[in-house]
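First the structure, in the form of structure tokens, and then the observations on it.
Just so you know, all these numbers are worked out from the coordinates, no wet-lab data involved. Just so you know, these numbers come straight off a predicted model, no measurement behind them. Heads up, the Cβs are rebuilt from the backbone with ideal geometry, glycines too, and the neighbour counts pull from every protein chain shown.
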Amino acid sequence: MSRTISTAMLLAAGMGARLRPLTNLRPKALVSVLNKPIIEVWLEKLTKMGVEKIVVNAHYLAAQLLFYLEKKSRHFPKTKIIALHERQRLLGTGGALKNAASLLTEPFFLINVDIYTDLDLNLLASYHFDHPGAPATLALVNRPDKASVSLGSGKEILAFRSKINVDGESEKLCGAGLMVVAPRVVKDLPSGESDIIEGLNHNIIKGDRPIGYKALDCYWRDIGTVEQYYSLNRDLALNKQIIESKEGLEGRFEGFAVVERGARSARGSIVRDSVLWAECNLAPGAFVNQAVVAATVKSAVSIIGGAAVDEGGVSRSN
């Protein structure tokens with residue numbers, strides 16, 4: 001039996017509600033990390049390790065994502081990228097898998113697209129194959145504030161989303177949004193909207209327990225909120241200025257900066273430790289500090305912290 005995984009599914013259909021107002025402009029899969037859409041980070045990572053088929057579900061602002069995937073697919077000629085448009089409604093994490101069942105006939109990676117990590121997926125795959133018969137193997141990270149996966153001493157998962165200790169629990173960790181899933185799990189999911197974690201809970205009830213892979217030393221970020229998104233770019237920029245194009249940038253930049261092509265800053269504007277999207281346009285005297293900006297900022301206006309996005313006026317989140 002092969003110990004390699006040739007298929008992955010990226011969950012990219014969600015509304016990105018916690019990441020608003022940024023996701024009022026783009027679906028979360030196209031939110032950029034160091035000026036590169038997060039889904040592109042995953043496409044590159046998966047293709048480099050030899051994954052041959054990548055399934056992506058789309059729903060919220062689907063036209064943007066589908067256009068991007070069609071355009072980007074030519075850059076990955078050895079990989080088949082298949083987009084599944086959930087047109088009527090979100091199917092949930094389980095329903096998305098059921099909808100893709102005919103494409104998921106071997107063990108596959110299941111990945112939340114809004115996760116950034118340097119975790120070695122080959123190690124996760126090897127751990128799954130070292131535990132034959134497991135319905136799934138979940139990567140777990142040490143985040144006490146989000147710990148809700150109960151792990152037994154034999155690394156079997158005893159419960160999900162439990163706020164209290166369960167019998168036999170040795171520790172409680174955080175699900176990393178990355179797992180290897182056996183096709184039989186998909187087969188057992190109900191049709192229509194469902195949740196993969198609830199599906200795996202049914203496996204646990206039947207005594208068919210998933211396995212936890214402890215990835216405690218990896219870098220891991222969930223970019224579900226503006227604060228988390230900003231922190232990821234800050235961490236990766238390493239105090240440098242990552243500027244895609246200097247055209248149209250005449251203002252002063254201090255500290256780290258992550259700036260997309262198309263952003264504009266007039267002479268007399270100041271940007272300090274911030275992320276500027278292509279939609280950013282800073283007037284003379286505008287001041288941006290520790291923020292994510294995708295808006296026109298007028299003279300003498302300060303954006304400090306949070307995010308600012310143009311939506312027929314400026315929408316801010318602090």
Handout entry: Kirkwood-based shape ratio for the chain, expressed as Rg/Rh from alpha carbons
Key = 1.01
Handout entry: Spherically averaged projected area in nm², based on the convex hull that wraps the Cα atoms of the range 226-317
Key = 4.9
Handout entry: Overall Cα dimensions of the range 153-223 - principal axes, largest extent first, Å
Key = 36, 32, 21
Fill in the blank from the handout: One can check that the equivalent ellipsoid of the range 135-182, built from the alpha-carbon gyration tensor with semi-axes equal to the square roots of five times its eigenvalues, has lengths in Å, largest first, of 16, 13, 8
Problem - Simple Cβ-charge dipole of the chain, Lys/Arg +1 and Asp/Glu -1, about Cα centre, in debye nearest 20 - result: 520
Fill in the blank from the handout: Ranked output for segments 17-29, 141-153 by mean other Cβ atoms within 10 Å, highest leading, reads 17-29, 141-153
Completion exercise
Cα extents of the range 42-136 along the principal axes, largest first, in whole Å, come to 40, 29, 24
Completion exercise
Leu276 neighbourhood, Cβ < 14 Å, K/R = +1, D/E = -1, net charge -2
Exercise for the section: Using a Förster distance of 41 angstrom, determine the FRET efficiency expected from the C-beta separation of Asp235 and Ala300, and round it to 0.05. Expected result: 0.85
Completion exercise
Expressed in angstrom and rounded, the centroid-to-centroid distance over alpha carbons for the range 75-125 and the range 10-70 is 11
Problem - Along principal axes, Cα extents of the range 130-287, largest first, whole Å - result: 65, 34, 28
